[in-house]
1. Which listed residue (Gly382, Thr134, Leu484) has the Cα farthest towards the positive end of the charge dipole for the chain, taking +1 on Lys and Arg C-beta and -1 on Asp and Glu C-beta about the Cα centre?
2. What is the distance in Å between the Cα centres of the range 112-135 and the range 437-499?
3. Averaging the inverse of every distinct alpha carbon separation and then flipping it gives the Kirkwood radius. What is it for the range 487-596, in angstrom units?
4. With only Lys, Arg, Asp and Glu charged, each at its Cβ (+1 for the first two, -1 for the last two), find how big the charge dipole of the range 246-337 is about the Cα centre; round to the nearest 20 debye.
5. Expressed in nm², what is the orientationally averaged projection area of the convex hull enclosing the Cα positions of the range 570-733?
6. Would you please put 226-236, 581-591 in order of how densely packed they are, using the mean number of other Cβ atoms within 10 angstrom per residue and starting with the highest?
7. Could you name the lysines in cross-link range of Lys708, using Cα to Cα under 30 Å and dropping any fewer than eight places away on the same chain?
8. Fully extended, how many nm does the chain gain between Asp503 and Asn87 (0.36 nm per residue separation, minus their Cα-Cα distance)?
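Taken together, the values in this text are just the output of simple stated rules run on the coordinates, not laboratory data. Only a predicted model underlies this, so the values are computations on that prediction, with no experimental measurement involved. With ideal geometry, Cβ positions are generated from the backbone for all residues, glycine too; neighbour counts draw on all protein chains shown.
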Amino acid sequence: MLFALRFLCAMAVTFTLSHTVVLAAPAKASAKAPAKATTQAPAQKLPWTLREHYTFSGGPLRLDYAKDNGEWRIKLFQEDSEQARMNPDLILKEVRFSIELADGRVLTNDMFGAAGETFLDRGPAVWEVAGEGTHYAIQFQPLEGLSVEHAVTMLKQWNFLLITLKVKNISENPISIQKIVTAEIPAGSLCGLSEQAEIGTCNMVFRGGHPVFSPEGLSSSLRIYDPVRQVIVNIALIPQGKAASGIFSTRESGQWHGRIESDFSPAKPLAPGASLEADPLWLSLGTAPALQDSQYSYLLYHFCKEGTTLDQPRAWVTVSDTAGLSRLKSEAGTAAALGITHALIPGNWESKPGSLEGGAPLYPRNINEAASALQAAGVTPGITLDALPAKSGGGHTAKSADGQLWNNPCVPEGKAAVKDRIRTLYSKGFGFFALEASAIPDDVLLAFGISRAEADTAAFSAAVEAVQGTKAAVLPAAASALPLNRDAWLAAASAAARIREGDIGIAPVGVLLNTDQTPDFETRLALQMWPGPFQFVDAPSGSAGRFVSALLARPPFRARPQDPCRTAPLIWLTRAGININPYVGEAIMQFSGASSWNVSDLECFNATGSLPVVWQDTEGKIARHDGVVIPAAAHATTLGLLNVLPEPMFCGISGEPMLGLYQAKKVQWDASKKILAGNLEGPFMKDAVAVFYLPNGMQPRSASLGGKSVRPQVSENWLLLPIDPAGNSFELHF
């Protein structure tokens, strides 16, 4: 059991189980049933020393969870003493919850706590994704017709917690829910951190199982890291597709304030007896940041399976809404010469929403003519689409005030209509689809009884099903465009890198370019980290065009951030957990400004339990780093990593970004013939050198590149082999 658990109270009798339970004699019950709950201000809360609460532990951190009102806090471990009980070393003083009704009323956790005695039920939990655990659920007395269950789930095999909040309408009338705030962190609640502390966010939300990056949008996770005080906290959302969920964070008078909410706008009506659950909160304490990030991404894979997109375009060109097909065709031809193989018709093409006919004079009425024109320009045509407008009415539609018909994608007939809309466009020659946020009005959604997020998720589900079995991709439309700025692209790459490993389709990010603009070395690397599509409004030209051509000539780096507590991480590990080959090393890319780091915090250490060898090419000589702490980086630096085996290993291409590991193919060790062989697919830089590690006492009998015998340079445990910039196959015989 990875999280220890204790149940505490003021006056106690102790007994021992697999965890420690300390129980108080119950307070004397009232002779009368509690009166009907009201929304009056609750009485002042008791101090924590007098409140029944559970304590969960993770590393040096402790999470206290109060039974009386579901409030929780995080503190650092202290040896038990009166001083520690009265003045705990707090990191988060208090975290609350609330429920906002459609009429504007807000019901807080304190109000529910004041409504009457709460009950805490502890029982087994089985979660399909993560296995068995224990569920600690607080059941509150009804308030304003609502019954609320607030719970913490602790899993046996995972070192994180889940916090859930479920609302049930127990009245005789419908009640509409606007928002559920799962965690409200008041200004001043975050405390006790050193000046070296970092608070980072992952600026990503989800549409239909697809991550959407937006630097100005909501965040999906909040990371608090303080190496001085040994504080590592990660709080994140697990999207369910029924609410627009996210993390808001602001500063008020220099104090940080945060709110994690599930927004069911325009409102979610609950019929009598119906329930509604906020998106679960995932919380990890005390675990190395990279491992926290890895575990969270694992869960996201399972909740984003509908977003699986194997054939995701690398880049596409589009034009502004005021331009038309002739301009797009011209730009597509220019873009194709740069390696941009897709072109997207923007969202203003439809003459009347739902008609699937082009609007003159910008687009032909028969929109298939536009697809054919783009194909003739040498690109795959795509189209931007609002999935929900309807062409004709029925029981699955509703009409807005302007006379427009809209499909309800949450009923079978409406879903079929959305699928037919996508299939018709696919049959006209379109090879990918960018779904924009629907313009469906709130009053139509209220008539359907669904939230905007619910409609969006159902629309994506229908669209994905419509092209199932084809190579057509369905992705969200771009929500942001970034300048050529290193940290902006590192933040974007950090948000999406891990989840793309599971072949989840990523929403595109636009690239803001000037004709004569080219990025510096570190910014080029940052763009190479981005695993999703690039969107270009008009084809790049001049020096910017040459840069884009070089960018797209190489595949994106498959890398993971190792300091994800930073919004723009500066330490990246390539290949960890991605098609692992024991005979191929790994690489660390440190961007300038990276802090010193401990080798034991890397994912490859967490996976193997042994420290890897760290090496670096210094002026043509291989130098091995001794010790476990790697110093801060004043400039961009690439380091090699390897877990020593009894057999030789390919370590990388010296001088190449990320050591060119993503260009090493089919590296294999033949134990019977004692041959290490593989393919190194260029392009590589001039004077590229392949680096191999030789276990003690092992020397090659011969070496060949492209079938031709060569003489390698051998020094101690290292073998260096100059290779052709176009690439080579290699064989080392031992």
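1. So the residue furthest toward the plus end is Gly382.
2. Cα centroid to Cα centroid, the span is 33 Å.
3. On the way: mean 1/r = 0.0674 Å⁻¹.
Taking the inverse mean of 1/r over all distinct Cα pairs, the range 487-596 comes out at 14.8 Å.
4. Working: 7 positive and 10 negative charges, 48 e Å.
Computed about the Cα centre, the dipole is about 240 debye.
5. Working: hull surface 37.0 nm².
The number I arrive at for the range 570-733 is 9.3 nm².
6. On the way: 226-236: 20.4, 581-591: 22.3.
Answer by packing, highest mean first, reads 581-591, 226-236.
7. Lys621, Lys665, Lys666, Lys673, Lys674, Lys686
8. Values: separation 416, 0.36 × 416 = 149.76 nm, distance 4.82 nm.
My answer for the length gained is 144.9 nm.
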